[in-house]
Every structure is written in structure tokens, then in C-alpha cells.
1. To the nearest 20 Debye, how big is the dipole of chain A about its Cα centre, given +1 on the beta carbon of each Lys and Arg and -1 on that of each Asp and Glu?
2. How big is D, in µm² s⁻¹, for the protein assembly as shown by Stokes-Einstein at 10 °C and 1.306 mPa s if Rh is the Kirkwood radius over C-alpha pairs?
3. Kindly flag which residue pairs out of B:K367/B:K394; A:K113/B:K169; B:K10/B:K264; B:K129/B:K264; B:K180/B:K394; A:K113/B:K10 have an alpha-carbon separation exceeding 22 Å in this structure.
4. Measuring from centroid to centroid over Cα atoms, what is the spacing of the stretch A:148-185 and the stretch B:268-305 in Å?
5. Treat the stretch B:236-384 as a sphere of radius equal to its Kirkwood radius over Cα pairs and apply Stokes-Einstein at 10 °C in a medium of 1.306 mPa s; give the translational diffusion coefficient in µm²/s, rounded to a whole number.
6. Using Cα positions and a limit of under 13 Å, work out the aspartates and glutamates in reach of B:K282, with same-chain residues fewer than 8 apart set aside.
7. Just rank A:D57, B:D65, fewest to most, by other beta-carbon atoms within 10 angstrom.
8. At most 15 other Cβ atoms within 10 Å plus a DSSP loop assignment makes a site exposed; report the longest stretch of chain A without any exposed trypsin sites (Lys or Arg not before Pro).
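Every number in this text was worked out from the coordinates using simple rules, so none of it is lab data. As the structure is a prediction and not an experimental result, all values here were calculated from the model. All Cβ positions, even for glycine, are placed from backbone atoms using ideal geometry, and neighbour counts span all protein chains on display.
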Amino acid sequence: MEPIKTLRSRTVVLRASDVDTDQIIPARFLTTTTRSGLGAHLFADWRYGADGAPQADFVLNRPEAKGCTILVAGNNFGCGSSREHAPWALTDYGFRAVVSTQFADIFRNNSLKNGLLPIMVDPAAHGWLMEHPGADVSIDLESTTLTLPSGQSVRFPLEPFARYCLMNGVDELGFLLGRENEIQAYEARRAV
Amino acid sequence: MPPPQTLFEKVWRRHEVAAETPDTPAVLYIDLHLIHEVTSPQAFAVLRERGLPVRRPDLTFATMDHSTPTRTEQVFGGAPIAIEAAARQVRELEVNCAGFGVELLGLRHDRRGIVHIIGPELGLTQPGKTVVCGDSHTSTHGALGALAFGIGTTEVGHVLATQCLLQRKPRTLAINVSGKLAAGVTAKDLILAIIGRIGVAGGTGHVIEYRGETIAALDMDERMTVCNMSIEAGARAGMIAPDETTYAYLAHRPRAPQGEAWEKALAQWRQLPTDPGARFDKEVDIDASGLEPMVTYGTNPGMVMPISGTIPQRPDDAVFAKSLAYMGFEPGSPLAERPVNVVFVGSCTNGRLSDLRDAASLLRGRKVAPGVQMLVVPGSQQVKRDAEAEGLDKVFLEAGAQWRESGCSMCLGMNGDLVPKGQYAVSTSNRNFEGRQGVGARTLLASPLTAAASAVRGRVTDPRELM
């Protein structure tokens, strides 16, 4: 995984709360056996009409959304199904961070393992971001802050190990494989 | 004397290969890893890329359920699987399991079924175990006193390669339920009411323990229905302390310990329940005695109401308005008597034998209303055989419902079992998200009793009117 330390982008604002992973990537696209190419189906049922034509009023289809890598969405983003296809679709589309007031546990875990930053901010900063689509914001993992265009910075929580892995491009599987001796000792102790 | 511990804490501690530190999560050992065709292919690909074996194939168990057909001829021959990509996924799981030495209950196996139905049914799921699967409804297995939770595909790869996961310790939430459920009010209604109370993010970051006299009085099928939907409240897992009901359910199941090993296991299981005086991070009290059958009116499981009620009004909430617009419902209007197009009985929430018995009890000697399509999909091939031995299949078929092979089916519509656009489905499944059962489908979650009553009337119906 590529190390990630900072990120700067204009925002795209999705005016929806409790966005479930079925919306992020509908189940009919889960018959794939690879990780790639899911960006084409991101938010498929909101992005396209029944005839397959883009819905002009959906935020991702608007010209100003092009090139934005930070998505701002309502409370409790990523609830529902554990499908990792959701962060795969978001990153394949080009997003590197999602900003909300709360994330569902499994989605947050899956995102961190794919270099997608789940940025949980306080309701005041979140409210401002929801009201100012296209705001130019930056995210810094060293200080775990998100900086608004005004220069005001807000802190966000980030689990220390996940932060270390993101900033150094460390692969968690490699870390676990390195604990083999301890795993063997545990198995011997419990006779599993 | 050690300080009193919760059920969750006991199971967690017993599985710490390494405890968490401020800098690193715990390394948690996994006793049972269940895999299926949809969320495992990319994990096996990682093993291949890195030249790694499955570390403990003996603790890994595979089946196929999500994208598999439910039409008999597509399962047992005579017609191909209708969706080519689904057929490819099924074949890929067969190749992966054969290549890595993982036991697979394949498409035509007589014990195949929805992964969360067959784990307990076979006795693989046991009290005190850690159980994971690349599926959020893994919380179901917590009904037996296991710590069971859904994981993503990267984590599936971690468990395949190391039998371990890196995890931060979740917080604990006790849901204390008292009072007797009224006739016609089921475990499904109880869990829907709980989600309505605490909200779809009310359990985020927590493991729920369902406690109290009402929970203790539930049978195992009912307990699984409750724990199954813990994830719909955002919880990491749901657990119920093992007791005599649990042990009676597990005794003599094919993969449960037998003989001396059973006695030894039983002695350990009896140590698991939460100690008196143990503290939870949060507690919620629920009185079940006044509950009615529950039904959802919106596009998440927290948007739920008593069947005799009216849809709430939230005039200043645009997201709420959008949800009701999708459903085609007006704030302040009742749900009862609204027309229904499709009825689905099945899923890991309500696809067990007692659920089918409930549905059949209201369909016996009655007909599915004209114009209503009713699909009954048993949760496993064993449930199917057991139901047929009782003649339930005949009840469903004579009423005009369809009787299928087991699988996830119309719960998520991956296999082509879909609710048509704009139509209303009363469904015993777990999610009423937009498009969950098909593009534009409108889902009303309810119990098997409510689903069957609604099928008979062709309208959303309080099952007590037919009892």
C-alpha cells in the first residue's frame, strides 16, 4: 500500500445520512471475483436512471465533482453489509477520504485497510462542510487534523496502529505473519 | 477474587494471543472461520500472490449461499445457473477450497444452506468460541454464547493466513429485556422494536449482550433472530449467555463435542455467563410485554413502528422525506391495509424451521391472495427436509406459494430472486435499504407471522386478526 500522509481536495457533499453499503455498491455487482473496476458502479442506483443514463442532479454527475477526492456525507456512513466492495468502489472511483460524524464499524475497518480515510469530525465542522460543497480542505495524518478553508483545524480520531500503517504503507498481514511464534504458543497453550 | 466479568470479556480474554496496547490492537485468535463465495475470492487471491497456505483449514469451513440459485433445476441439474457471473463465483469457491484443503458444503450437498443457519445447525458454532465470516450477519452465532462478528475480505485473508485478527476491544452494551411477549408477537418484533429504540447506529462500537427473563425464555431459533439483527443497530456483535436451552440445542449435533469431550466442554461453557456485579459500558431496559407486531415503513431497519400505528411525521427532515418518497408513503398514514405485491419468508433472520412453522400456521387451509407472489425459501437443506417431513411444503404449495431450495435468495437478490421495481414486499429478512431486494423495490420488514397474514389478505395485516 502507498504511504499516505496528507491529502488536499475540494469536497463533494452527499446529502444523505445512514448511507448503507448497499447504496455504495448494490449487491448485483458483487458477483465479481476481483477488486478492480467497481468505481463504475459506485452509487449505481443514485447515479444512473433505469435506462442507464446518468442522473444529472446526482452530485457525482455534476461537473464540479470531477477530480474531488474527499466525500462529505451525513451521519453514520457505511452501515449495513460488510462488503469490502464498498471501499473498493469508492477508491476505484477516486475518493481517498470520507468525512462524516460517525462511521459503521466494519466499513471503517475495511476503509483503513484500503487507504481510504474515514474522517470523523465534530457536528459543528461537519455542519459547515455539509453547507459548503466544493470547499478546499486538507487532511493531515501526522497531526490528525482536517483544515477548513478558513484555516481552522479540527481534530479527528484515528486508531494509532491504523495511522502508523497508513503513513508508512505497512501491510497488516505482514505484521500478523510476524507474530507466528506467539500464535503457535497460544495454540499450544489452549491445545487448539 | 478476580473482578466480575461479562460474557464478552471472558470470551475476548480467552482469545488474546496478544493483548492490545496503546500502539497496537489485540491479536485475537479465531476458532471458527466461515467462508462463502462472495467475499472470499479476493482473499484467496492474496494467499496465492504471496505463496501462503490456509494456516488452519481444520478451523475453516465453506459453503455457498449468496449468489446460488433457489430453483431446484438450477441446483440439482436440468438448467444452468441463470447468472453466469454467479456460476463463475460458485466454481471459483470450489477451486479455492479444493486447492487450499478447506471443507466445502457445495451446491448439491445435503447439509448446504445459509452460512449462519448451518453453523449452529451442524454444531460448529459453540459457546465461548470466536466466530468470524465475511458477512455482517455473523452476529447470529452470538445466540449460542459465541463472540461472532462480520469482517471484510482483507480480514478474511488475515484469518486464512494467520487464524488471527487485529482488533481493538469493543465496548459493551447490555440490553435488559423483561416482560412476556404477547401471542402473535415474536422475536423478530422484539429485535425490530429494540432497533427502533436505540437506532441504526445505537450499537456502533459495542458488543450487545441481550439479557433478562424475556431473552432466557426464547428458544434457540428465536435467540438467533435477535442476535442476527444486532448489526442493524450498528453493533459489532450480539451475544446471549449459554444456558440449558443452548446445551439441549447443541447436544448430539454432528460437529458438537461428543461423550467425554461434551462433558468437558459443558463444564467450560457453564463458566461463561456474565458474573453478578459485572459492569457494562452502557445499559438499556426494554419492556417486551406491551409490544405489538412491528413493521418497517422506511429505508433502514430503525424506521419501524407497531403495525397498528401511523408513520411518524418529521416535517423538517429532508432525509426522512426522501426515504418516505422512495417508499411511496405519506407521513401520518397507517401501514395496515396497504396493498402488498410480494411476500418473502426466509433469510438468516427468519429461515429456520420454527419460522416456517409460524408462516404455515396462518397459511394452512388458506390461499395467498390473488396477484401476490409468495416465496418461501428454507434457510438450509436440513430445514427444507425437516419442513417437508412435517408437510409444511404442502401447506405452502397448496396456498399458492413457491417452495424453493435454500439460500439467501430475495434477502439481497444477488441470485436473481428479485422484487420488481416499485412493488411492495413484506419480507422476513433483515434490511429494507433502497434497492436491497431489487432496483426500486420497497421492503417492509416483519415477522413470518405478519408476512404470512399479509400474503393471505394481500394487504399489510396484523397476524392476530387471523389467529
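1. 160 debye
2. For these conditions, the coefficient is 63 µm²/s.
3. B:K180/B:K394; A:K113/B:K10
4. One Cα centre to the other: 33 Å.
5. 79 µm²/s
6. Straight-distance partners of B:K282: B:E209.
7. A:D57, B:D65
8. A:67-192
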